[in-house]
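The values are calculated or read from the model by the stated rules, or taken from the named source; none is laboratory data. These numbers were taken from a predicted model, which means no experiment stands behind them. Here the Cβ is made from the backbone with ideal geometry for all residues, glycine too, and neighbour counts use every protein chain on show. Surface areas here come from the heavy atoms of the whole protein model, side chains and all, with no ligands, DNA or RNA. Shrake-Rupley method; radii C 1.70, N 1.55, O 1.52, S 1.80 Å.
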Amino acid sequence: MKIRSLLIVALVAIAANSFGQGEGWNNMNQVFGQLSPNVITTAVPFVSIAPDARGGAMGDCGVASEADVYSMHYNPAKYVFLENKMTFGLGYSPWLNNLVNDMNLAYLAFGYKFNERSALGATLRYFSAGEINFRDENNYDLGTYNPNEWAIDVAYSRMLGDYLSAAVAGRFIYSNICQGQADYAQPGVSVAADVSVYYKRPVEWFSDIDADVAWGAAVTNIGSKMSYNAGSERKDFIPTNLRVGGNLKLELDEYNTLAFNVDLNKLMVPTPPIYEPDGTIHGKDNNVGVVSGMIQSFYDAPGGSYNLDGDWVDITVFNEELKEITEGIGIEYWYNNIFAVRGGYFNETAMKGNRKYFTLGAALRYNVFNLDISYLIPCSNKAGTNPLENTLRFNLTFNFGNKK
């Protein structure tokens, strides 16, 4: 029961801003001169989780990797580069597997190529917190519920030239993590869109090796803010994200290929400001509109002296903005287009969340069937710092129709 209580506290903490948005909002921010890591938080963080084992095995890289049915999360412009006419995918990721056995992220994906110039993609993402027993302050049983969140999206991808494609996607997000167990609690709802581009072409950079180079860029979850509190006028941002990256694929010989990936990510969400006791603000007010917040996210970091693991470090505004960028690197090796091994590394600075982990994975391809698995190894010496640590994730993919 204690574990369950902690889990629901963690879930409703996502919505804490919505329930505390009245007088005294400024007091919820850090006080200048007493700064710990200044982490950017949003509603519905589940839409930022890499849903597939392939990207999850390569340091969460995917904006410029070769197209697959799970491209929606990274870069939907890749759908038009799918090899098969029609593809289905199923993903499953246990969540906090070291603590409970019924929290998970499930993912359904579909891709369809109309022709060589256009394609359609659609996905359904479902996050379940399992069964949780709610109790009031007097330990009175309020019933057992299943907090959950889900998102459904559709994308259209089209070639703009011989090597360049673009896509637009629409998304509906529903979050019911409180199940009505707090005053004024309501499900959170948002509508969002993605825009993305993808460029891929062969290059002659090596005398005896065929190679392809690709790059991609995507802005995802551009959408309305969300509130879990029917009595509040202030709402939370959803995780609007800018992802850019590149890929280099080498055809070593008839049977062996090797690909390298690099992804950079930045949340296009305002950084929380810092307040001095006299009310002086450092940074920018983050109670702004969606478009203003996206623009402001590139220059609103407060900077200052931060306490990182017991050491005080002076951070300029520019340096803090740079620290909001996460990096992922990944490598993928295929033998005879049948068996693959993958590896990667993901890095986030201590000041902005301190997620650092290695990833490993493998894949088996047989006829119309693909199986992908991945495993996450945290770098932190603190146990339990990543919900996916020491967890095996997998995807099943089915390809139909002639290769286009």
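In table form, for the structure just shown:
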quantity	calculated
From Ala129, Ala169, Ala119, Ala151, residue being of a type in the set (A, V, I, L, M), modelled with pLDDT under 90 and open to solvent by less than 20 Å² (accessible area, probe 1.4 Å)	Ala129
From the options Asn229, Asn256, Asn247, Asn176, residue that is more than 30 Å from Gly143 (Cβ to Cβ), surrounded by 18 or more Cβ atoms within 10 Å (Cβ to Cβ) and of a type outside the set (A, V, I, L, M, F, W, C)	Asn247
Qualifying residues in the range 288-326 (those that are of a type in the set (D, E, K, R) and exposed (fewer than 13 other Cβ atoms within 10 Å of the Cβ)) - the one nearest to Glu348 (Cα to Cα)	Asp309
Qualifying position, being within 17 Å of His73 (Cβ to Cβ) and within 27 Å of the chain's Cα centre (by Cα), among Tyr112, Tyr156	Tyr156
Search result, residues across the range 327-345 that are open to solvent by 60 Å² or more (accessible area, probe 1.4 Å) and either closer than 10 Å to Arg365 by Cα or at pLDDT below 95 (or both)	Asn336, Asn337, Ile338, Phe339
Failed criterion for Arg234 (all others in (1) surrounded by 14 or more Cβ atoms within 10 Å (Cβ to Cβ); (2) in contact with a strand residue (DSSP E or B) (Cβ under 8 Å, 6 or more places away or on another chain); (3) not in a strand (DSSP E or B) hold)	(2)
Filter result for Ala185 (at pLDDT below 90, buried (at least 17 other Cβ atoms within 10 Å of the Cβ), over 19 Å from the mean Cα position of the chain (by Cα) and among the aliphatic types (A, V, I, L, M))	yes
Residue in the range 264-282 that is surrounded by fewer than 19 Cβ atoms within 10 Å (Cβ to Cβ) and among the acidic types (Asp, Glu) present	yes
Test result for Leu124, without any contact (Cβ under 8 Å) to a residue 40 or more places away in the chain, part of a strand (DSSP E or B) and open to solvent by less than 70 Å² (accessible area, probe 1.4 Å)	yes
